[in-house]
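Data block below; observations after.
The values are calculated or read from the model by the stated rules, or taken from the named source; none is laboratory data. Predicted model only: the values in this text are computed from it and were never measured. Cβ sites come from the backbone with ideal geometry, for glycine too, and all protein chains shown count toward neighbours. Surface accessibility is based on the protein's heavy atoms, side chains included, excluding ligands, DNA and RNA. Shrake-Rupley method; radii C 1.70, N 1.55, O 1.52, S 1.80 Å.
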Amino acid sequence: MRLPTVADVERRMPRPDDFGSRARGTALTARVGSALGIAFMICFLTGLWSHVQYATPAWLTLSPHPTQLYRWTQGLHIVSGTAAIPLLLVKLWSVFPRLFIRPPRGARALVVEALERGSIAVLMAASLFVLASGTLNIIGWYPWEFSFRRTHEAVAWVAIGSLLVHIAVKLSVIRRGLGEPIDDAADDVDPADVDPFDPTRRSVLRGALLASGLAVLLTAGQTVPALRRVSLFSVRPGDGPQDLPVNRTAKGAGADRTALDPAWRLEITAGDRTMSLSRDDLLAMPQSTHRLPIACVEGWSRNATWTGVPVRDLVALVGAAPGGDVVVRSLQTKGAFASSLVVGNVAKDDRTMLALELNGETLDIDHGYPCRLIAPNRPGVFQTKWVNRLEVTT
Amino acid sequence: MRVVRSLLVLAGVACGLWGVWLMRDFTREQLTSEAFWLAGGVVLHDAVLAPLVVAVGYVASRVLPRGSRRPAAMAFLIWGTLTIAFLPVLTGEGGKADNDTILGRPYVLNWIVLTVVLAVYAAVGGRIRRRISAARAS
């Protein structure tokens, strides 16, 4: 017995023609690929917008308007990413036989082939990476050593870059594929060979779009209230204390004792002026009520009615003019985002407040009792809970 | 077309390099873990998932009666892609013990229901198609 040679292995490996399904084809790949490309672009742009909230470039001033903007963009980010999963899988299925195309002869052709395959490998690796890491982030499972936010962003740039290169390389094939009818041309196949009940390109295209739509319907209830009952697989069913889900509990934040301490006071500082207020002092101030969303990076969001004291009234107590940046600090001792910056543009909005009540009840401890920040058009992680300090910095 | 292509390639390479630049201060440990996940997806698809799907298709095309292949293939497509899309909530991982507002649905039960519904469609859909075709033939 001898060991198999490279030639033996090559002979045993399937060839593209060995894959029998008539359902594969350029007309299908181009259509599913186009839908996938659109989903990726929406996902990428909304994702960039979300990263801008974390690390705002100097040329951009975040605005409190439109109130629901971040809710929409981040909802769309998760929806488009979810929709992309079935599309990507069907797209990969439709071109899988091409993996077995034998390398061409000639050095130049070989280099071109290697470059093309390399770019596809990068595209595929990066695409699977962003979708997998994103869906795991939604459930809060991090079985890796890298920073989710920064790596998800960096690999998304690689994914979108290799997608643009892929579109450039395949432009003529894509145009041809989109121009071809999805159904078989009648003269193309011998009717005797055809089982009329075999899956066709049209049925696979329909199946891919249907699966993509179902994936969205069955999860999007966490951000689209009308779908709450339909979304059997949403990570956030939408329930919670005072009818609002919680990302981090008081216990999880290490704030469960300090938050209930009767000695709690809110400190407000501007330069060397300081003010200290009890919860009763806050309740004695003029209250305002607004309907504002909590919109989390994980793609869940929900509107709620908040009552509390506008931040601009609070900073006025220490003589600060409205329009200055305000740092909001929390009793939180565990986990990230124990403080957040409210830029002046947002701090002076009359709906930006330290909320004392949620949906008509005293704020639940898991929602940030004694008081929490709530501001329009702002990611949930920056809606700081268990607030004990406001610092006017400018 | 040539201009469009060149612009796409330039923009694509620029985006890709920017992505790599964003990783410049990642530690060795972080990069290793990232590389593992990047390569893992490709290997898992090309060496496990795709051959498995090809094998299922091969067997199904020989075992299933005429007329039930298309509904079976459609049911399998939807079942397979949705199962992968919902894999995170099916693992039982994630969430926090002190927070019952996350992962609050019986996901495995829901998945079994989804599976049964699609299996029934695969079986009955084929029978209906066969009956229609028999009625046409007679």
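Computed from backbone phi with θ = phi - 60° and the Karplus coefficients 6.51, -1.76 and 1.60, the 3J(HN,Hα) list for the range B:26-36 is 5, 6, 4, 4, 5, 5, 4, 5, 5, 4, 4 Hz; x is used for glycine and proline. Averaged over its residues, the protein assembly as shown has an accessible area of 50 Å² per residue, based on protein heavy atoms and a 1.4 Å probe. Here the relative contact order of chain A, from alpha carbon pairs under 8 Å that lie six or more residues apart, stands at 19 percent. The mean sequence separation of alpha-carbon pairs under 8 Å and at least six residues apart, normalised by the residue count of the range A:258-392, gives a relative contact order of 30 percent. Computed over the alpha-carbon atoms, the protein assembly as shown gives an Rg to Rh ratio of 1.05, Rh here being the Kirkwood radius from the mean inverse distance.
Across the options B:137, B:88, B:72, the greatest Cα extent toward the positive end of the charge dipole of chain B (unit charges at beta carbon of Lys, Arg, Asp, Glu) belongs to B:137.
Farthest toward the positive end of the dipole of the protein assembly as shown, out of A:318, A:66, A:331, is the Cα of A:66, where the dipole comes from beta carbon charges about the Cα centre. GNM on chain A, C-alpha springs below 10 Å: top fluctuator among A:299, A:177, A:308? In this elastic network of chain A, the residue with the biggest mean-square fluctuation among A:299, A:177, A:308 is A:177.
Remind me, relative contact order of chain B in percent, using alpha carbon pairs under 8 angstrom and six or more residues apart? Can you show the working numbers first?
Numbers: 45 pairs, mean separation 42.6, N = 138.
Computed over chain B, the figure is 31 percent.
A cut-off of 5 Å between modelled amide H atoms, ignoring neighbours fewer than 5 places along the same chain, links residue A:304 with A:292, A:294.
Using a 1.4 Å probe and counting only protein heavy atoms, how much accessible surface gets buried when B and A come together, both sides summed, in Å² to the nearest 100?
Values: alone 11580 and 20740 Å², together 26370 Å².
Heavy-atom accessible area buried at this interface is about 6000 Å².
Share of pairwise Cα-Cα distances greater than 32 Å in the range A:6-227 is 31 percent (whole percent). Take chain A, connect every pair of alpha-carbon atoms lying under 10 Å apart with a spring to form a Gaussian network, then pick out the residue of A:202, A:236, A:351 with the largest mean-square fluctuation. Comparing A:202, A:236, A:351 in the GNM, the peak value goes to A:202.
Across the protein assembly as shown, how many lysine pairs, 8 or more apart or on two chains, come within less than 23 Å at their alpha-carbon atoms?
On the way: A:91/A:170; A:251/A:334; A:251/A:385; A:251/B:96; A:334/A:385; A:334/B:96; A:348/A:385; A:385/B:96.
Total qualifying Lys-Lys pairs in the protein assembly as shown comes to 8.
Couplings 3J(HN,Hα) for the range B:3-14, derived from phi with the Karplus relation 6.51 cos²θ - 1.76 cosθ + 1.60 (θ = phi - 60°), are 5, 4, 4, 4, 5, 4, 5, 4, 4, x, 5, 4 Hz, where x marks Gly and Pro.
On alpha-carbon atoms, Rg over Rh for the range A:188-302 using Kirkwood Rh?
Ratio of gyration radius to Kirkwood radius for the range A:188-302: 1.34.
Taking R0 as 41 Å, what's the FRET efficiency between residue A:284 and residue A:48 from their Cβ-Cβ distance, rounded to 0.05?
Values: r = 44 Å, r/R0 = 1.07.
The formula returns an efficiency of 0.40 here.
Note on the range B:1-119: with charges restricted to the Cβ of Lys and Arg (+1) and Asp and Glu (-1), its dipole about the Cα centre is near 780 debye. When the Cα atoms of the range B:65-138 are aligned to their principal axes, the ranges along those axes come out at 65, 15, 14 Å in descending order.
With the charge dipole of chain A set up from +1 on Lys and Arg Cβ and -1 on Asp and Glu Cβ about the Cα centre, the Cα lying farthest toward the positive end among the listed residues A:93, A:213, A:19 is that of A:19. Look at the stretch A:144-156: the mean tally of other chain Cβ atoms within 10 Å of its residues' Cβ atoms is 5. Springs between Cα atoms under 10 Å define the GNM used for chain A, and in it the highest mean-square fluctuation of A:180, A:113, A:298 occurs at A:113.
Here the Karplus curve 6.51 cos²θ - 1.76 cosθ + 1.60, taken at θ = phi - 60°, turns the phi angles of the range B:53-66 into couplings of 5, 4, 5, 4, x, 4, 5, 4, 5, 9, 8, 6, x, 3 Hz, with x standing for Gly and Pro.
For the range B:1-90, state the semi-axes of the equivalent ellipsoid (square roots of 5 times the eigenvalues of the alpha-carbon gyration tensor), sorted largest first and rounded to whole angstrom. Before the final figure, lay out the partial values.
Numbers: eigenvalues 292, 94, 28 Å².
Output for the range B:1-90: semi-axes of 38, 22, 12 Å.
The alpha carbon centroids of the range B:68-105 and the range A:318-385 are separated by 35 Å. Computed over protein heavy atoms with a 1.4 Å probe, the carbon and sulfur contribution to the accessible area of the range A:218-258 reaches 55%. Return the whole-Å distance between the Cα centroid of the range A:271-312 and the Cα centroid of the range B:1-53. One Cα centre to the other: 43 Å.
Give me the inter-chain shielding for B:53-59: mean count of other chain Cβ atoms within 10 Å, whole number please.
Details: counts 4, 8, 0, 0, 6, 3, 0.
Rounded to a whole number, the mean comes out at 3.
Counting partner chain Cβ atoms within 10 Å of every residue's Cβ in A:123-132, what's the average? Walk me through the numbers before you get to the answer.
Numbers: counts 2, 5, 9, 5, 2, 8, 7, 1, 3, 8.
Averaged over the peptide's residues, the number is 5.
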